[in-house]
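A short worksheet on the structure shown next.
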Amino acid sequence: MILRNELKEVKTAAISGHVRPDGDCVGACMALYHYIRKNFPDIEVDLYLEEVPKSYSLIEGIEKIKHSASEPKEYDVFFILDCGDKDRLGFSSVYFETAKRTVCIDHHISNGGDFTDSSQVEPKSAATCEVLFYLMKLEEMNLSIATALYMGLIHDTGVFKHSNTTERTLMAAAKLVGMGVEFTKIINTSFYEKSYVQNQILGRALLESVVFYHGSCIFSALKLKDLDFYGVGPSDLGGIVDQLIVTEGIRCAIFLYEIGQQKFKVSMRSKEGIDVSQVAMHFGGGGHIRAAGCEMMGSVYDVINNLSARIALQIGEEPDSAEVMAEEEPCTAE
């Protein structure tokens, strides 16, 4: 894909990403927004995402994000970033459906790249921001673009510690730092710094976590009543699953939180030997080998029983050996 070609003869453009946007999604969308503003100033561009965490406010222009589809529009081109399924666009899907052309830029292995008119899907890239970096020329970038791209790189690589980090990833990061990105501030503010209540909910999740499969797997779950008690939302739960996976001896970590009556958002992390993307895809989700997620219906134990049965196929355990098993009840992917 030549990014400039996707913007030829375009007068109006829309950009969006997946629901509950993370650092890579926000970074990629903001980077493309600033790229168009800088290099194609005559194009009217709108950016649509759900509410984003305050920690991403280091990216210039974050206040330009529109959080609702407030008026009917038909865009010349609609860019869907860091998202492998139009159903995960949320409220902005109305603009995807009416756009004259659609373009997908992503890095998820579960993205077949066949639901848009044009696509650039690179599963070997650590982040959608890495894909975007190599679609742009350095002279086409400015500090706002570089900051947004760097934000995405650190969040999808766990500050370059995950196994998806490659030489190509680090080369991109080095070029962005060379452009003046305040990397220490970005890493501390958006990745490590937490509010008091975020630390409280993290502590609650760790305190109530459960290990199974002879101590090789761990899970923790939060119900709606827990989130209401602490006054937190999905954006406050980042990092919990990453803390679970660094527990000594753990090969797979699962964190789930309730988003509706017996409807759970599931996040998974793994170490060598376990491909959580395969588990997630079995239940209608997707992601990466070491980091993936999905949505599932049922009780906490329904969800864990079904997930653990798929994990057991990879680690050679008998499904009924998990200490978390409860009576069999129906559980469906959402």
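Some points to look at:
- Residue within the stretch 39-48 that is assigned to a helix (DSSP H, G or I), in contact (Cβ under 8 Å) with a residue 40 or more places away in the chain and buried (at least 17 other Cβ atoms within 10 Å of the Cβ) present: yes
- Qualifying residue in the stretch 9-16 (condition: in contact with a Lys or Arg (Cβ under 7 Å, 6 or more places away or on another chain) and open to solvent by 20 Å² or more (accessible area, probe 1.4 Å)): no
This table checks each residue for (1) modelled with pLDDT of 95 or more; (2) assigned to a helix (DSSP H, G or I); (3) in contact with a Phe, Trp or Tyr (Cβ under 8 Å, 6 or more places away or on another chain); (4) not polar (S, T, N, Q).
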{"position": "SER68", "(1), (2), (3), (4)": "no, no, yes, no"}
{"position": "LYS73", "(1), (2), (3), (4)": "no, no, yes, yes"}
{"position": "TYR95", "(1), (2), (3), (4)": "yes, yes, yes, yes"}
{"position": "SER110", "(1), (2), (3), (4)": "no, no, no, no"}
{"position": "GLN120", "(1), (2), (3), (4)": "yes, no, no, no"}
{"position": "LYS124", "(1), (2), (3), (4)": "no, no, no, yes"}
{"position": "MET151", "(1), (2), (3), (4)": "yes, yes, yes, yes"}
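- Filter pass, LYS38 being touching a strand residue (DSSP E or B) at 6+ places or on another chain (Cβ under 8 Å), over 26 Å from TYR192 (Cα atoms) and of a type outside the set (Val, Ile, Thr): no
- Some residue of the stretch 268-286 being surrounded by fewer than 18 Cβ atoms within 10 Å (Cβ to Cβ), among the small types (Gly, Ala, Ser), free of Cβ contacts under 8 Å to residues at least 40 places away in the same chain and not in a strand (DSSP E or B): no
The values are calculated or read from the model by the stated rules, or taken from the named source; none is laboratory data. Please read these numbers as outputs of a predicted model, since none were measured by experiment. Neighbour counts are summed over all protein chains in view; Cβ atoms, including those assigned to glycine, are modelled from backbone coordinates with ideal geometry. Note: areas computed on protein heavy atoms with side chains; ligands, DNA, RNA excluded. Shrake-Rupley method; radii C 1.70, N 1.55, O 1.52, S 1.80 Å.
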